[in-house]
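Only one structure is covered here, and it is reproduced in the block below.
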Amino acid sequence: MIEAKYYNALNLLYRGDYSKLQKAWEKFQSWEKAYKNEGAAIDIENEWKKLHNLDITLLLKENPSYPELLKEIPLPPFGIYILGNLSYAKPAIAIVGTRKATPQGKELAKIFAAKLSRSGTPIISGLAMGIDEFAHKGALEGGAKTIAVLGTPLNHIYPKHNEQLAKNILESGGAIISEFPLDNSYRRDNFLIRNRIISGLANALLIIEAPERSGSLATARFALEQNREIFIIPGNISAPNYKGSNALIKAGATPVTEPEDILNYFGIDADKTASSESQAGNPEEKEILNAFKKEEKLTIEQLLETTKKDLSDLNKNLAMLTIKGIIKESNGKYYLIS
């Protein structure tokens, strides 16, 4: 925790400048030493208290809870600020596209995200208007976890239009994250910088409606560097919103026309969750199954927390689901049987 406090202070001092943080780390291999070398006078404890008061967690790259997929990428964030619960099942899909999406593009984003979500696939996006916004909405409709990556600090949700959507993401058990410290000034470039995190958190990237000049193309370049699979929904060759998308297909990205194309790539049974739910005999059993849409494996303590049931009722319903062959227990954790 001490290193995290000093990292936060240094990040504030450097205004979220990654190159400065990188130089400081390479020289000192310690955020405390790097900060003290600056001779700065930031009130470290007060700034840390601000995070605590907003229920924001700061996770450094050295922390075991830091996402493994994100550790693998070139230039991973040294620290990420988190609202909500960042833990998520794999594989995860990032969905991005233009802010100036057509009604058809928005609907496609929602349909794909909802279908993937119903199969337990977490959805990562950037909370921007347009495709991002409807990808998050689709994920919420489908019931799996969705994570929004901001280009602004967590105490300045951007765009304001999506503040309620951000609240809905948190209420559903998802997360909102950023690498930028509180009250960091708005910079247009930060939205391109954060795109490496969107693709970095995911196993694959789906692009819907990317014009010839689009931040989504930058995300595709990051995904390529990160060795992520890139899926594209193709479109009319004369439509401006598909110029970049179709160019990516010509360059070797995989075209998809339905969510099942992505699920089949990862060997996910699209009907697994639906068929499990159909076997559930009562609302209590269905409520337990819904918990597995957010986490692949759950302990009895996590199920108690999620379902808000008493232990006796929970054990009774778990026993019935086990007898039906819907769930299984191993090493103290429950999971859906494929």
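Some values worked out for this structure:
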quantity	calculated
Residues of segment 21-44 classified as open to solvent by 80 Å² or more (accessible area, probe 1.4 Å) and either over 29 Å from the mean Cα position of the chain (by Cα) or closer than 17 Å to residue 84 by Cα (or both), total	7
Residue in segment 70-92 that is open to solvent by less than 10 Å² (accessible area, probe 1.4 Å), modelled with pLDDT of 95 or more, in a helix (DSSP H, G or I) and closer than 21 Å to residue 16 by Cα present	yes
Considering residues of segment 98-114 that are surrounded by 21 or more Cβ atoms within 10 Å (Cβ to Cβ) and of a type in the set (D, E, K, R) only, the residue farthest from residue 130 (Cα to Cα)	110
The listed residue being in contact with an Asp or Glu (Cβ under 7 Å, 6 or more places away or on another chain), at pLDDT below 80, surrounded by 15 or more Cβ atoms within 10 Å (Cβ to Cβ) and of a type in the set (Lys, Arg), out of 286, 293	286
Residue 133 being surrounded by fewer than 19 Cβ atoms within 10 Å (Cβ to Cβ) and at negative phi	no
Residue ID - most open to solvent (accessible area, probe 1.4 Å), chosen from residues in segment 154-195 that are within 14 Å of residue 17 (Cβ to Cβ) and in a loop (DSSP other than H, G, I, E, B)	187
Within segment 94-111, tally of residues that are of a type in the set (Lys, Arg) and either in contact (Cβ under 8 Å) with a residue 40 or more places away in the chain or not in a helix (DSSP H, G or I) (or both)	2
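The values are calculated or read from the model by the stated rules, or taken from the named source; none is laboratory data. Given the structure is predicted, the values throughout are model-derived calculations rather than measurements. Reconstructed Cβ throughout: ideal geometry from the backbone, glycine too, with neighbour counts over all protein chains shown. For the accessible areas, the whole protein counts, side chains as well, though only heavy atoms, and no ligand, DNA or RNA atoms are used. Shrake-Rupley method; radii C 1.70, N 1.55, O 1.52, S 1.80 Å.
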